Amino acid sequence: MGDLRILAKQLFRLFTIVFVLIGLIFIWLFTYEPNTSAGVSNEGGKEEEVVWQPKNPISEIENMPFEVKKGYYLISETSRYMGPGAAKTEDRYSGNNLACSNCHLQKGAQAGSGSWVGILERFPQFGGRGNKIGTIEDRINGCMERSMNGRMLPPDSDKLVAIVAYMNWLSEGLPEDRKAEFKGYPKIKIPNEKVDLAKGKQVYTKECVICHGENGAGVLSLEDNNSYTYPPLWGEDSFNDGAGMHRVITSAEFIKSNMPYLQATWDNPKLTDEEAYHVAGYINSFSRPHKLNTENDYPDKKLKPVSTPYGPWVDDFTPEQHKYGPFPPIMDFYKEKYGITKTK
């Protein structure tokens, strides 16, 4: 009898251990979550690398470090914090009510819109407009004087520090094979014809007028009268005639990759190259603020983009052709005479 009791106890312990192990297995099965950060299994059992995506500044604003958040507000509410709407006169550096993010879409995160993702790696870089090596701070101040029709921020400005911090935050984790995607604007095939303003107006009426208005004045924000939901494309509160967007080719590249807003992307455009080209010329046929001293731009005049609408130039093409094209003959001239290949 004693041996049977011992055997019964051992069997009971064995069954208890097995029961506990089975219970633990069930708990693990129902609570386990796969680690998707490392990869995702496909049907063949192999792991696929998770595709990197740029940050969404709008949804992540509360988690931003202080300096980064400051930069976010400066680029998204520019008029309020360093433009005409700033409380202190000394903080009014921007001369219009545009926001940096009116052109650098999705707060600078959108590819194909002059994105700031990865931009810090490209500076310092040579700039033909000043004919010198420039810093990212120089590039920001170029926008302040031209796109924002204002004045430069001081070199020691806390605003510059914050904007650069924001750009750096946007760029965190950018893989090497995605860097080209966020660089500048995708190129277009430049038509070998002069801008047709009538065609441009047709495109504008069909695709642009709903946001920017018949007179190009844009739509003011519902929250205040000092910022825009959709920016003006010409007129006194728009970019000045020294800005890059006042060049037809640059403007067409941006339009092709981004407009109509929320309908087009750089890899899935809505407009053709020709439509973007003609509507860019139409937009730039209207008056806007004048930038002083543009004759000093591009000390080496051979480096001036062919669609720069203001002189002087080192060729005999007319001011009208430099503004409206056709541009390929001008490009051919610089290639033959100076050995310079121009793309805009």
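For the Cα atoms of the chain, what angle does the longest principal axis make with the long axis of helix 2-31, in degrees from 0 to 90, nearest 10? For helix 2-31, the angle is close to 10 degrees.
Per-residue 3J(HN,Hα) values for the range 240-257, derived from phi via the Karplus relation 6.51 cos²θ - 1.76 cosθ + 1.60 with θ = phi - 60°, read 8, 6, x, 7, x, 5, 7, 8, 4, 5, 4, 4, 5, 4, 5, 4, 4, 7 Hz in sequence order (x marks Gly and Pro).
Using a Förster radius of 22 Å, what is the FRET efficiency between GLU236 and LEU292 based on their Cβ-Cβ separation? Nearest 0.05, please. It comes to 0.90. Summing Lys and Arg as +1 and Asp and Glu as -1 over all other residues whose Cβ lies under 10 Å from the Cβ of LYS291 gives a net charge of -1.
Each peptide among 56-64, 206-214 gets the average number of other Cβ atoms lying within 10 Å of its residues, and from highest to lowest they stand as 206-214, 56-64. Per residue, the average separation of C-alpha pairs within less than 8 Å and at least 6 apart gives the chain a relative contact order of 16 percent.
Under 16 Å from a label point set 7 Å out along the Cα-to-Cβ vector of LYS206, no amide N atom of the range 233-247 is found. Residue-wise HN-Hα couplings along the range 188-201, as the Karplus relation 6.51 cos²θ - 1.76 cosθ + 1.60 with θ = phi - 60° gives them from phi, are 10, 7, 7, x, 8, 8, 6, 4, 9, 5, 5, 5, x, 5 Hz; Gly and Pro carry x.
For LYS194, the aspartates and glutamates whose Cα comes closer than 13 Å to its Cα, not counting residues fewer than 8 places off in the same chain, are GLU274, GLU275, GLU320. If you take all other residues with their beta carbon under 10 Å from the beta carbon of THR343, and give Lys and Arg +1 and Asp and Glu -1, the sum is +2. Evaluating 6.51 cos²θ - 1.76 cosθ + 1.60 at θ = phi - 60° for every residue in the range 226-236, the Karplus couplings come out as 10, 8, 10, 6, 10, x, x, 9, 8, x, 5 Hz, glycine and proline recorded as x. Around the amide H of GLY134, modelled in the peptide plane, lie the amide H atoms of GLN125, PHE126, GLY127, all under 5 Å away and 5 or more residues distant in sequence or on another chain. Subtracting the Cα-Cα distance of GLU90 and ILE340 from 0.36 nm times their residue separation leaves 85.7 nm of extension gain.
Residues within the reach of a label modelled at THR135 (point 7 angstrom out along Cα to beta-carbon, backbone nitrogen below 14 Å), restricted to the range 161-195, are 161-165.
Counting every Cα pair in the range 222-344, what percent are over 23 Å apart?
Numbers: 2822 of 7503 pairs.
Across the range 222-344, Cα pairs with separations above 23 Å total 38 percent.
Assuming charge only on the beta carbon of Lys and Arg (+1) and of Asp and Glu (-1), the dipole of the chain about its Cα centre is about 240 debye to the nearest 20. Dipole orientation for the chain: of the candidates SER94, TYR73, ILE330, ILE330 has the Cα lying most toward the positive pole (charges on Cβ; Lys, Arg +1; Asp, Glu -1).
Charge tally for VAL164 (other residues, Cβ to Cβ under 12 Å; Lys, Arg +1; Asp, Glu -1): -1.
Residue separation of VAL51 and ASP224 scaled by 0.36 nm, minus their Cα-Cα distance, works out to 58.4 nm of gained length. The GluC sites (Glu not before Pro) found in the range 219-291 that occupy coil by DSSP, while having at most 10 further C-beta atoms within 10 Å, are GLU223. One chain, two ends: LYS183 and LEU262. Fully extended at 0.36 nm per residue, the span grows by 26.5 nm beyond their Cα-Cα distance. For VAL219, the residues whose modelled amide H falls within less than 5 Å of its own, excluding neighbours fewer than 5 places apart on the same chain, are THR229, TYR230.
Taking amide H positions as modeled 1.01 Å from N, with prolines and chain starts lacking one, no residue 5 or more places away or on another chain lies under 5 Å from ASP315.
Taken together, the values in this text are just the output of simple stated rules run on the coordinates, not laboratory data. For clarity, every value in this text was computed on a predicted model and none was experimentally measured. Virtual Cβ from ideal backbone geometry, glycine too; neighbours counted across all protein chains shown.
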